Amino acid sequence: MTAPVTTDSELDEAPAADEGGRPAARRYGLLAVAAAVAVGLLLGYAGGLLTPTLTRPGQNSAEAGFARDMTAHHNQAVAMGLLAFRQGQDAEVRQVGVDIATGQQGEIGTMQTWLRSWKLDPTGDQAPMAWMPDGAGLVKNGLMPGMATPEEMAKLRAASGREFDVMFLRMMIQHHIGGVHMIDGILAEGHDDDVLAVAQVMKNTQQNDLANLTAALKRLGGTP
Amino acid sequence: MSISTPGGPERRPTVVSTGKKPAAGRPAAAEKPAAKAGATKPGGGKGPRAGAGGKGRKPVTPVKVSQGRSWGPIALFVAVGVLAVGIIGIGAWAVYQGAQPWQKRADAIDGVVDFRKKDKDLVKGGNHQPGTIKYDVSPPVAGPHNQAWQNCMGDVYDAPIANEHAVHSLEHGTVWVTYRPDLPADQVAKLKSKVQGKEKLMLSPYEGLDKPISLQAWGFQLKVDNADDGRIDEFIKTLRVNASIEGPNALCDQGVTATGTTPRDNLQQNMPEQPTQ
């Protein structure tokens, strides 16, 4: 490698003579270039490492608020769905119930994984719906849109037969309408591509459910 | 190395004409520069000096020798470079292919029919509809369906099942493998081994198929002749769960496990595997 650099015939004895400055300077130049390249690579690497940390949703982001609040919202739907699976008289009520229960439990897993990957706590100290611009006005008695009160849940637990089926369908329709509203909120406020994609699938599923729940309620002679 | 470039082309004819094998070897040629008068002129002139004078005399010859020698490292670096670029290129291409959206990978499967492009209304999502439903595509790939899905936890059905339940399974992300009832038993066994016990998959015979095997996912279909066709695995890998319009969490268990092409939804109390309370 070094041989071609020093092939100039006059420089054959150069290392020992007074002209030793030129190759040395070249060597320092090479070293400087190498150092600059190394520093550049390190800076790029550090930048690459830091970027996800700096750009991921933070404590008060809409994404974090949605993930936390929708987890709570979904938890009630899972409870209602499992009640329907166990207590429903109508076959479709049982079938839809178990589908909603397992589906939303799965979505809870996705949302909790987001929070963990963002290094955030599973729950926060913000008021429910604070992440949505008009969120505070939607909260009634501390409940997010469409959620049933503890009294309503107790009534549902105690019901049976057609009474249970109709009550469940009404409550789940309200729950889904509120859920879709919250999903519209994150679709408007959110920036994280993954969150937006999952939220869109949630919305599709709940809108699909809504059509089927409404048709089932009509079939059973209930009113919304 | 230094001799090879000038000496190479001229040495070959001499070997052919004389038929002497030793002459073809490089060391032999360098040791005996006088072996062939014609060949030694370009090669022999430099060869001995490069070997003997390289260490002793520095003034003139080393310059020429170093020029000649540098082709070796250059060729080596070029070769290594080309190899490295090739390896990185192949790796990057594989990563790029793997990172393609699943829809693109699905469309790239030879012979696949993508109804998501052909008929957007069909694949939007299916509302529940009781009783028998007429489907335009056979076997159906999307559309309205009964409220109960066919159990799709890797179930292997030995008799035809109802479209009205199977389509609901497709909506939940299942790949439904169907085969013509006359498919040989060893072929059926191969399909069975791909499906059995794996969630979001199910297998059943299907009457009236125009090809021996047909695969369905929500909005996608692929028909093949043979259970050994590599596209079967490709279709399953690409579309299982991905094709679900309700995400990866839709349920496959608690569905209809019975066979028979008559849908069961209009029979209210005929849901199998349901708790009685």
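The values are calculated or read from the model by the stated rules, or taken from the named source; none is laboratory data. Just so you know, these numbers come straight off a predicted model, no measurement behind them. Cβ sites come from the backbone with ideal geometry, for glycine too, and all protein chains shown count toward neighbours.
Name every residue in the range B:60-108 that is of a type in the set (Val, Ile, Thr) and at pLDDT 80 or above, in order of residue number.
Start the filter on the range B:60-108 by keeping residues that are of a type in the set (Val, Ile, Thr), which leaves B:60-61, B:63, B:65, B:74, B:78, B:80, B:82, B:85, B:87-88, B:90, B:95.
Result: B:Ile74, B:Val78, B:Val80, B:Val82, B:Val85, B:Ile87, B:Ile88, B:Ile90, B:Val95.
Any chance you could count how many residues in the range B:138-176 are among the β-branched types (Val, Ile, Thr) and surrounded by fewer than 24 Cβ atoms within 10 Å (Cβ to Cβ)?
From the range B:138-176, those among the β-branched types (Val, Ile, Thr) are B:141, B:156, B:161, B:167, B:174-175; that's our starting set.
Now narrow it down to the ones that are surrounded by fewer than 24 Cβ atoms within 10 Å (Cβ to Cβ): B:156.
So the answer is 1.
Contact map, the range B:77-105: residues that are closer than 17 Å to B:Val241 by Cα paired with residues that are basic (Lys, Arg), Cβ distance under 8 Å, separation 6+ or inter-chain. Pairs shown: B:Gln103/B:Arg116.
In the range A:38-90, of all residues being charged (D, E, K, R) and in a helix (DSSP H, G or I), the one that is nearest to the other protein chains (Cβ to nearest Cβ) corresponds to A:Arg86. Among residues of the range B:121-137 being of a type in the set (D, E, K, R) and away from chain A (no Cβ under 14 Å), the one that is surrounded by the most Cβ atoms within 10 Å (Cβ to Cβ) is B:Asp136. Count of the range B:87-145 residues, restricted to those that are closer than 14 Å to B:His165 by Cα and among the charged types (D, E, K, R), is 1. Among the residues examined, A:Met111 does not qualify as aliphatic (A, V, I, L, M) and within 22 Å of A:Thr149 (Cα to Cα).
I'd like to check something: does the range A:167-176 contain any residue that is modelled with pLDDT of 95 or more, over 14 Å from the mean Cα position of the chain (by Cα) and within 13 Å of chain B (Cβ to nearest Cβ)? Yes: the range A:167-176 contains one or more residues that are modelled with pLDDT of 95 or more, over 14 Å from the mean Cα position of the chain (by Cα) and within 13 Å of chain B (Cβ to nearest Cβ).
Run down A:Glu163, A:Glu151 and say which single residue is surrounded by fewer than 14 Cβ atoms within 10 Å (Cβ to Cβ), in a helix (DSSP H, G or I) and either assigned by TED's automatic domain parsing to the domain that holds A:Glu107 or among the small types (Gly, Ala, Ser) (or both). None of the other options fit; the residue is A:Glu151.
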